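**Student:** If you scroll down you'll find the structure; I have some questions about it.
The values are calculated or read from the model by the stated rules, or taken from the named source; none is laboratory data. Computed from a predicted structure; not experimentally measured. Neighbour counts run over all protein chains shown; Cβ positions are idealised from the backbone, glycine included. When the accessible area is computed, the model is the full protein with side chains, heavy atoms only, and any ligands, DNA or RNA have been set aside. Shrake-Rupley method; radii C 1.70, N 1.55, O 1.52, S 1.80 Å.
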Amino acid sequence: MIQVISASHYLQTVPDDTGLPTLDSTLKQLCREPFRRIDRFIQLALLGSARCAASQSLRADCGIYLGSGLGPIGNNAVIQKRLIHDHEIPKPFNFINTLGSAAGYYVAKNLDLQGQNLFISRRGASLQAVLSMAMADLTLGVVSQALVGVVEEVTLPLAEHRRRQGLAAGMLMAEGSDWLLLQTAGEGGRQLHLQRFAAFVELQTVLKSAWCDGDTVCCARSMEQPMADTLQQDYGSSTLPASQRGFHDSLETVSLAEFVVEGRQKNLFLADGDTERGWSLFHLGA
């Protein structure tokens with residue numbers, strides 16, 4: 001049995017007429033020591049993971065599973081500019097921080113963790129990727145506790161940030177850091193299940209049998225659109241509208257983390273998949 005025992009949620013919109021909000025004062029309160037030469041992606045990872053782990057007892061084998069659709073895009077842009085545009089050698093700390101795993105190192109150092117530490121990047125479905133890996137390791141006994149997070153940063157100028165992702169001009173952008181602490185045993189948590197299906201009709205059947213009034217269905221952005229439309233029509237729910245909350249690559253993570261943080265007492269179902277890779281249903285119990 002896998003339980004969600006803690007969660008943290010951070011989503012910050014970035015309007016065109018403002019800069020990125022500073023995180024320094026918040027991190028000073030959350031981190032055990034000041035960290036130098038870290039980029040915004042690492043700052044966001046530290047913020048979310050520290051909030052999720054606050055007041056929790058982390059086990060010796062607690063693993064870190066960090067996901068992102070775009071990864072540390074800010075430092076990657078800096079490196080490309082220096083190499084291609086300026087014809088200069090990049091600074092060492094910029095180069096090192098292009099790797100998403102660098103953020104995992106700082107999270108582990110801040111929380112004094114020495115278990116396995118994975119970074120998984122999957123465009124449009126990073127939550128599903130890290131949750132699947134963490135739940136598999138928990139089920140197999142590789143770890144008994146897993147700190148799972150998804151981080152997306154915003155880079156300036158926003159017009160370039162949108163173009164990199166193929167987004168419409170003027171779309172409201174947001175950065176986020178959402179985390180869950182999972183474990184295999186304990187009290188006071190909410191059960192998390194994952195089921196996989198070869199056919200969409202099988203997912204529909206299971207969802208219909210488990211559904212109760214007041215539950216929430218979230219269709220992942222990477223889900224095949226006709227099937228997502230079917231579930232949204234059947235259950236009257238959908239992913240969070242980017243126009244209202246701000247867009248980043250892993251908005252379904254916002255739905256799940258917010259659901260736990262706010263203590264909603266019903267069930268949450270996250271559906272994903274397509275005819276080529278199959279179908280999955282994450283079920284967060286009431």
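**Student:** Go through region 254-286 residue by residue and tally those that are more than 25 Å from C52 (Cβ to Cβ) and at pLDDT below 85.
**Tutor:** We begin by selecting, within region 254-286, every residue more than 25 Å from C52 (Cβ to Cβ); these are 273-279.
Adding the requirement that they be at pLDDT below 85 leaves none.
Residues flagged as more than 25 Å from C52 (Cβ to Cβ) and at pLDDT below 85 within region 254-286 amount to 0.
**Student:** List every residue pair whose Cβ atoms lie under 8 Å apart, where the two residues are 6 or more positions apart in sequence or sit on different chains, the first residue falls within region 243-268 and is without any contact (Cβ under 8 Å) to a residue 24 or more places away in the chain and over 15 Å from A220 (Cα atoms), and the second residue, located anywhere, is aliphatic (A, V, I, L, M) and crowded, with 22+ Cβ neighbours inside 10 Å.
**Tutor:** Every condition considered, no pair remains.
**Student:** Could you tell me which residue of region 110-137 is farthest from G74 (Cα to Cα), considering only residues that are open to solvent by less than 40 Å² (accessible area, probe 1.4 Å) and in contact with a helix residue (DSSP H, G or I) (Cβ under 7 Å, 6 or more places away or on another chain)?
**Tutor:** L111
**Student:** A follow-up question, please. Kindly indicate the residue of region 83-109 that is of a type outside the set (A, V, I, L, M) and crowded, with 20+ Cβ neighbours inside 10 Å and also modelled with the highest pLDDT among those meeting that condition. Full working, then the answer.
**Tutor:** So the first thing to find is which residues in region 83-109 are of a type outside the set (A, V, I, L, M), and the list is 85-88, 90-95, 97-98, 100-101, 104-106, 109.
Okay, now just the ones that are also crowded, with 20+ Cβ neighbours inside 10 Å, so 97-98, 100, 104.
Values: N97: 63, T98: 62, G100: 74, G104: 95.
Among those that are of a type outside the set (A, V, I, L, M) and crowded, with 20+ Cβ neighbours inside 10 Å, it is G104.
**Student:** For region 35-68, name all the residues that are in contact with a strand residue (DSSP E or B) (Cβ under 6 Å, 6 or more places away or on another chain), open to solvent by 10 Å² or more (accessible area, probe 1.4 Å) and under 18 Å from L23 (Cα atoms).
**Tutor:** The one that is in contact with a strand residue (DSSP E or B) (Cβ under 6 Å, 6 or more places away or on another chain), open to solvent by 10 Å² or more (accessible area, probe 1.4 Å) and under 18 Å from L23 (Cα atoms): R51.
**Student:** What tally of residues in region 1-46 results from selecting those that are out of contact with any Cys (no Cβ under 9 Å at 6 or more places or on another chain) and part of a helix (DSSP H, G or I)?
**Tutor:** So the answer is 13.
**Student:** What tally of residues in region 138-150 results from selecting those that are part of a loop (DSSP other than H, G, I, E, B) and surrounded by 20 or more Cβ atoms within 10 Å (Cβ to Cβ)? Working first, answer last.
**Tutor:** Pass one, region 138-150, residues part of a loop (DSSP other than H, G, I, E, B): 141-144.
Then keep just the ones that are surrounded by 20 or more Cβ atoms within 10 Å (Cβ to Cβ); that gives 143.
Total meeting the criteria: 1.
**Student:** Also: If we scan region 17-30, do we find a residue that is in contact (Cβ under 8 Å) with a residue 24 or more places away in the chain and charged (D, E, K, R)?
**Tutor:** So far as region 17-30 goes, no, none of its residues is in contact (Cβ under 8 Å) with a residue 24 or more places away in the chain and charged (D, E, K, R).
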